[in-house]
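Worksheet for the structure shown next.
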Amino acid sequence: MEDVYIGIIVSSLCTILGAVPAVFLQNISHRHKDNLLAYTAGIMVAAATYGLIPSTLKISNLLVLSIGIILGTLVLTLLDYYLPHIDLDHSSTVSFQTSAPLLFIAIALHNVPEGLSVGVSYASDYQDLGPVVSFAIALQNIPEGFLIALFLISNYESRFKAFLYTAITGLIELISSMIGFHFTGAFLFIVPYGLAFAAGAMLFIVYKELIPESHGDGNETTATFSFIFGLLSMITLTNWFR
């Protein structure tokens, strides 16, 4: 039981861990930002294809996987359509005051199924499912927390508030993980859909935002290698901890 709680807490708090370096960074060059985005994309692709998708197929079937991925993609598409466009460029005209509530909703929607999936995976009959799912989501939470905090700081929010808001997103995932673990009976049927939903959301973010953002300023070659290194890093770590 103790290992379960540790896995759930660590997975959620990795979002906060990722925010720490963003708070202390004074300046980050466009080249380094592009490489970081590409590295994050590699981690998220590997988390989806090497962790979440195989886990979904292990406990369900291709139809459930397809429905979950499509739902994740559709929800993120709708959010992308209705939310003001958000990027990490200092020239962005979107103020944090205007986009904060909508951004918070977007992150909450993304983190809730992730958290439920982690919690229910630990409570399921598949003994090795919980650690694999929590580890995959934990690793992608680190760069996600970094990018959230960096966005807030780039939009002239104080470093303390940027860290605080990022921490709240991690807390949402922690709470949903605990709910999923303790109320497994009510959420058990959601697990494969939640895993596939998270995979679809990750793949949408990678293809729609991270790759175009990292390949639009002349840093395509280094960004491509950063993507590959991110992919291999995630696969190596996931395979190591299995």
One finds the C-alpha centres of region 185-242 and region 2-60 to be spaced, in Å, by 8 Å
Per-bin percent of Cα-Cα distances, region 198-242 [5 Å]: 5, 20, 20, 25, 18, 9, 3, 1
Using a 10 Å cut-off on Cβ atoms, rank the peptides 130-140, 229-239, 193-203, 10-20 from the highest mean neighbour count down. 193-203, 130-140, 10-20, 229-239
Could you rank the peptides 29-38, 168-177, 60-69 by their average count of other C-beta atoms within 10 Å per residue, with the highest value first? 168-177, 29-38, 60-69
Keeping all protein chains in position, work out how much accessible area M178 exposes to a 1.4 Å probe, and write it in Å² to the nearest 10. 50 Å²
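The values are calculated or read from the model by the stated rules, or taken from the named source; none is laboratory data. Just so it is clear, the model here is predicted, and its values are computed rather than measured. Counting neighbours? That spans all protein chains shown, and the Cβs are built from the backbone with ideal geometry, glycine included. Surface areas here come from the heavy atoms of the whole protein model, side chains and all, with no ligands, DNA or RNA. Shrake-Rupley method; radii C 1.70, N 1.55, O 1.52, S 1.80 Å.
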